[in-house]
Amino acid sequence: MVGSLDLVPRELVSNILVRLPVKILLRCKCVCKSWFEIITDPLFVTNHYDIYNNIEETNEEEQQQLLVIRRPFFSGLKTYISLLSWDPKEPKGSVCSEVLNPPYEYDSDHKYWTEIMGPVNGVYFLEGNPNVMMNPSLRQFKALPESQFTPPRGTYSFTDYAGFGYDPKTNDFKVVVIKDLWLKESDERNPGYWTAELFSLNSNSWRKLEDDDAVLPLPFEIWGSSRVYTYVNNCCHWFSYASGNGRTVDRSTPPQDLVLAFNNVTERFRKIKLPRIRYSSEEEFATLVPFESTIGVIVYPVKGAEKVLDVWVMKDYLNEESWVKIYSVGPVMVTYKLVGFYGNSRFLCKDHNERLVMYDSESRVKETRDLEVYGKYDSLRAARYTQSLVSLHRGNEFARQFVSCGLVSDPLLNQTECELDSFC
C-alpha cells in the first residue's frame, strides 16, 4: 500500500494535503517517507498556511474560531487561554470552547497574561508573566527568557507596550517592547520619552535598541485604550499622540492622534500622521485595527449601550494623504469596548457585563452574537485563530526551553457570574 502511494505524483499529493487541517497532517507525516518530506518542506508549510486559512476565512459556511485570553474570576490573576469555535449557520448557544492547558509550572495565579498578539504565520505572543510565544496547532509553548533591560542613568521604567512580528529575510520572530521613563530624583514621568528593546527567537535573547539604530521618533505618547493587535506589512503599530506641532508633548494643548510603526526587517520606527478623525479623546474611543494590506482606525462613543462605529482606513499604506472614512456600522447593541477585529468586518467587543460578543457587519443577520465567555477587570482579548505548521524550534540548544500543552474542555463556558464565583 505504501509503495503504491509513492507512485502518486508529488504535486498532486501536495495539492491535496495543503487543504487539510494540521491535526490530520501530523498523522499523515507517518504514512510514508515521501509524505513526510512533503509536509516538512518549508515551501509546503508556507503554502499550507496561506491556502488552508484563506479557504477557512472566505467560506462563510465554515466553522469560525477565535483564540481568547481572559481572567474569569474576581479573585486571582489566573488567565484562561481558550479556543472558541462555532458554526455560523447554527443558532445562538452553539459555541464550543477548549482551554489550552499549559504545563503545571505556568498554571497558577502567579502566572498570567494581559495581551494576545497574532497570528503571525500561525504563531502568537502572550504578554505577561512570563512572556510566551506559542503555536496552538502544534501545541508548542515557549516562555521567553527574562529581559536584562537597564534603563538610562537616573531613570526607571514603569509602563511598557509590546509588539510582535516576523522578519522574512532571516526567518525570525521578534518582540519589540517600548518602555516609558521616570526620573528617579523627582519620581516624575519624563513625558514623551521612551526606550526600546528587542527579542529575537533565532538568538533567544534580548538586546537594547540603541537610538542610532532604531531612532525612536520622540516625543510621543501611546493611547493605552487602543489594544487591538495591528500587524501589517512586517510592521507593528501603536495608536499614539503628540501635542502642538507634534514635536512636543504639552498637556495644556489638545493631543494630535498619530500611529507609531516599527519595521521588523529594518528594525526602525516611524510616525504616521492622521487627519482629525474624532472630536474628543474623552468622549470617543479610537482603536487601531489591521486590514488586509494596510491599517485602519475605528472610532466610537465612550458612553451609551448602542454605538455607531466609524471605520477609517489608510487606502495606500504609508501615504498619509490617503486616510478616508469608508463606512459606518450600527447602531450596534450592548457593545462597550472593542477588543478584537479581523476579516475587515468582524468586530469583537466586550459588553457591559464583560462578556465577549461579535458583530459581523457583512453577515445577513445584523445582530451581535454572544460568545458565552466572561473576562473580569478588562482582561478579555481576542484574535483570529489560524492553523499552522510553523515551528518555533530553532536548533537543539533551545529544545529544553520548549514545553508541550494540550486542549481540555472549558468548564466555565456559558456560566453565569454567580456560577463563576462558585469556582473560586
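Checking every residue in region 144-154 against the condition of being open to solvent by less than 10 Å² (accessible area, probe 1.4 Å), assigned to a loop (DSSP other than H, G, I, E, B) and out of contact with any Leu (no Cβ under 6 Å at 6 or more places or on another chain) gives zero matches. Within region 46-82, being open to solvent by 20 Å² or more (accessible area, probe 1.4 Å), modelled with pLDDT of 75 or more and not hydroxyl-bearing (Ser, Thr, Tyr) holds for Asn47, Asp50, Ile51, Asn54, Ile55, Gln63, Gln65, Arg71, Lys78. Which pairs have Cβ atoms under 9 Å, sit 6 or more apart or on different chains, and link a residue in region 18-40 that is basic (Lys, Arg) to one that is exposed (fewer than 15 other Cβ atoms within 10 Å of the Cβ)? If the second residue must be exposed (fewer than 15 other Cβ atoms within 10 Å of the Cβ), the pairs left are Arg19/Ile51; Arg19/Ile55; Lys29/Phe36; Lys29/Thr40; Lys33/Val2; Lys33/Asp6.
Here are Ser293, Ser345: which of them is out of contact with any Phe, Trp or Tyr (no Cβ under 8 Å at 6 or more places or on another chain), under 27 Å from Pro88 (Cβ atoms) and either surrounded by fewer than 14 Cβ atoms within 10 Å (Cβ to Cβ) or not basic (Lys, Arg) (or both)?
Working: Ser293 fails: out of contact with any Phe, Trp or Tyr (no Cβ under 8 Å at 6 or more places or on another chain).
Among Ser293, Ser345, only Ser345 is out of contact with any Phe, Trp or Tyr (no Cβ under 8 Å at 6 or more places or on another chain), under 27 Å from Pro88 (Cβ atoms) and either surrounded by fewer than 14 Cβ atoms within 10 Å (Cβ to Cβ) or not basic (Lys, Arg) (or both).
Go through the residues of region 200-215 one by one and say whether even a single one is in contact with a strand residue (DSSP E or B) (Cβ under 8 Å, 6 or more places away or on another chain), open to solvent by 50 Å² or more (accessible area, probe 1.4 Å), under 24 Å from Ala382 (Cα atoms) and touching a residue at least 12 places away in the same chain (Cβ under 8 Å). No, there is no match, as no residue in region 200-215 is in contact with a strand residue (DSSP E or B) (Cβ under 8 Å, 6 or more places away or on another chain), open to solvent by 50 Å² or more (accessible area, probe 1.4 Å), under 24 Å from Ala382 (Cα atoms) and touching a residue at least 12 places away in the same chain (Cβ under 8 Å).
The values are calculated or read from the model by the stated rules, or taken from the named source; none is laboratory data. Values in this document were obtained by computation on a predicted structure and should not be read as measured data. Glycine gets a Cβ as well: all are built from the backbone with ideal geometry, and neighbour counts include every protein chain shown. Accessible surface areas use protein heavy atoms only, side chains included; no ligands, DNA or RNA. Shrake-Rupley method; radii C 1.70, N 1.55, O 1.52, S 1.80 Å.
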